[in-house]
Amino acid sequence: MISLSKIVKQYGKQVLFLDAAFQLNAGEKAGLVGPNGAGKTTLFRMITGEETPDDGDVSVPKKLSIGYFQQDIEEMSGRTVLEESIAGSGRLGDLHHELAQLEKDLADPEKADEMEKVLERYGEVQGEYQQRGGYEIEARAREVLHGLGFDDERVDGDVGALSGGWKMRVAMAKVLLGRPDVLLMDEPTNHLDIESILWLEGFLKGYQGSLLMTCHDRDFMNRVVDKIVEIDGGELLTYSGDYDFYERERALRESQREAAYARQQAMFAKEQRFIERFQTHAAKAAQVQSRVKKLEKIEAVEPPKRRKIVKFQFRRAPRSGEDVAQLSHVAKRYGSRVIYDDFDFQIRRTERWCVMGVNGAGKTTLLKMIAGGLVPDSGTVQLGASLKVGYFAQQSLELLDPTLTVAEQLQADFPLEGVGSLRNLAGAFQFSGDDVDKKIAYLSGGEKSRLVLARMLFDPPNFLVLDEPTNHLDIATKEMLVEALSDFEGTMLFVSHDRSFLRGLTNRVLELGTPGGPTLYGGGYEEWVQSTGSEAPGVHS
């Protein structure tokens, strides 16, 4: 279906692809992986025709329709969420809006002279619209938007009033509604909560077309894709299987290449010793010359390219008192919407609470009240003795100084620390090489999130309150973070949509929005899943 052959692509001195090749067949679902800057977005753009390779061929059949979801969204305003979703859904959306305009023209007395022409066009458009299933598009649009977390009020509300994260969901709805032959998806789970991620998982598993996506959610990749395409040193390597299979197979290939490299190096050393020992002996001259020629003909085995994942040993947090937080008779509402009413909740030292609940259940509200950023309407929130609270939320990004570089920010925060220690810290959160010299003003939202987490965890508090801490972190960095926090001796309260994070760190679950009021579970996330039969509130398997 789509094939790339002998692709070469270079930006300045940086070579992204060198004789790279891969094929995406009809119905295949592939995950695209590789380190930051490896060329994943460039590959997408070459498939869509927005960029061309320096050499090689990108073959895309002319009649093939492609839907591309990317992190850069266009301006949206002047329509409802529903209208915007339909309008951007490709050919069917165009027909939908042309049909609506033609119906207005038919009822317009001023267009009486053009009526024959309008009627003819109306018949053409209506025929194609019906053939493409257009009369179900509004129902399908609502279904997709509900799946992505929109309630009816938002669906029929002004798209221009939405935040950037919600507009990103509208952009995704447009692509999904278009039902293209091929879906290209760049980090589709970044702005979704766990309920929407699970819905999208099901949607893509049942999708009849082909899929090529990047994603930082291991569970999502494992359940959706049937092959992995890895960008590795300018090549495109294909692994037939899910993400776990790819990791095992990659490790096996690395160990085999390492063994082959070691064997060849030992052989080279042995031959070199013979040459050096007998190169001045006339009787051995022929043998020496023969071995020199033999070595010149052998193709050297390249050592395996190891991805450098920096593991950072975070310091031990100071011990807090046994009672960390106590909420008593707390009430909180927004207008007529009651979020909490006479709510009691206690957090004790070393407990790791994850807060589950559908959109609007009050997860972020709870974290803000405990962190001191929001006052309840009534009741009390009391924090325990000897507490040092670390609160991570998207608003935390505003605390960074945009005039500083990453390295300067860390040096300003920890002036007594050595440069090596701070570089290790930066490296653990994917700031390596020249990245540490980037101005904070030019960092992406994900890069800022990583920097805020690095600053928080270098000198760790004993009570971590984290609102979606894994947004924009890649799989390896998330796993480093889970490993580091698994040794954390303090207390945690967090909201996360990442199931590996939830499984790895939770020992208590608070579920909000249940019919009888907030429900407490004494086990971790996996026990909660077994108990409720769902991976997220209201989403049953």
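The values are calculated or read from the model by the stated rules, or taken from the named source; none is laboratory data. Because the structure is a prediction, the values reported are computed rather than measured. Here the Cβ positions follow ideal geometry from the backbone for every residue, glycine too, while neighbour counts run over all protein chains shown.
Side notes on the structure shown:
- Criterion: more than 18 Å from VAL355 (Cβ to Cβ), crowded, with 22+ Cβ neighbours inside 10 Å and within 23 Å of the chain's Cα centre (by Cα) - qualifying residue of LEU464, LEU457: LEU457
- Residue in the stretch 75-90 that is over 14 Å from THR214 (Cα atoms), assigned to a loop (DSSP other than H, G, I, E, B) and of a type in the set (Val, Ile, Thr) present: no
- Residue pairs meeting the criteria (Cβ under 8 Å; at least 6 apart or on separate chains; first at negative phi and part of a loop (DSSP other than H, G, I, E, B), in the stretch 500-512; second charged (D, E, K, R) and at pLDDT below 95): LEU512/LYS363
- The criterion of at least 1 residues that are within 21 Å of ALA38 (Cα to Cα) and either β-branched (Val, Ile, Thr) or in contact with a strand residue (DSSP E or B) (Cβ under 9 Å, 6 or more places away or on another chain) (or both) is met, among helices (runs of 4 or more DSSP H) falling completely within the stretch 200-306, by 218-224, 243-278.
- Within the stretch 513-533, the residues that satisfy the criterion of being surrounded by fewer than 16 Cβ atoms within 10 Å (Cβ to Cβ) and either of a type in the set (D, E, K, R) or assigned to a strand (DSSP E or B) (or both) are LEU520, GLU526, GLU527.
- Some residue of the stretch 127-147 being under 26 Å from TYR243 (Cβ atoms) and modelled with pLDDT of 90 or more: yes
- Yes/no for GLU50 being assigned by TED's automatic domain parsing to the domain that holds GLY149 and out of contact with any Lys or Arg (no Cβ under 8 Å at 6 or more places or on another chain): no
- Candidates SER449, SER421: the one that is more than 26 Å from LYS332 (Cα to Cα), surrounded by fewer than 15 Cβ atoms within 10 Å (Cβ to Cβ) and out of contact with any Ser or Thr (no Cβ under 7 Å at 6 or more places or on another chain) is SER421.
- Condition met for ARG319 (more than 29 Å from the chain's Cα centre (by Cα) and assigned to a loop (DSSP other than H, G, I, E, B)): yes
- Some residue of the stretch 354-375 being surrounded by 18 or more Cβ atoms within 10 Å (Cβ to Cβ) and more than 30 Å from SER163 (Cα to Cα): no
- Residue in the stretch 370-381 that is under 21 Å from ALA441 (Cβ atoms), of a type in the set (S, T, N, Q) and either within 25 Å of the chain's Cα centre (by Cα) or not assigned by TED's automatic domain parsing to the domain that holds HIS191 (or both) present: no
- Enumerated strands (runs of 3 or more DSSP E) restricted to the stretch 13-73, each holding at least 2 residues that are of a type in the set (Ser, Thr, Tyr) and touching an Asp or Glu at 6+ places or on another chain (Cβ under 9 Å): none
Listed here are the residues, each with its yes/no results for (1) under 23 Å from PHE431 (Cβ atoms); (2) surrounded by fewer than 21 Cβ atoms within 10 Å (Cβ to Cβ).
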{"position": "MET480", "(1), (2)": "yes, yes"}
{"position": "ASP498", "(1), (2)": "yes, no"}
{"position": "LEU502", "(1), (2)": "no, no"}
{"position": "LEU510", "(1), (2)": "no, yes"}
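- When the stretch 6-37 is filtered for residues that are more than 16 Å from the chain's Cα centre (by Cα) and of a type in the set (Gly, Ala, Ser), the ones remaining, listed by number, are GLY12, ALA20, ALA21, ALA26, GLY27.
- Here VAL355, VAL375, VAL338 are screened, and the one residue that is over 14 Å from VAL509 (Cα atoms) and assigned to a strand (DSSP E or B) is VAL338.
- Restricting GLU84, GLU74, GLU98 to residues that are surrounded by 19 or more Cβ atoms within 10 Å (Cβ to Cβ) and either closer than 21 Å to VAL182 by Cα or in contact (Cβ under 8 Å) with a residue 12 or more places away in the chain (or both) narrows the list to GLU84.
- Condition check for ALA171: assigned to a helix (DSSP H, G or I), surrounded by 15 or more Cβ atoms within 10 Å (Cβ to Cβ) and in contact (Cβ under 8 Å) with a residue 60 or more places away in the chain: yes
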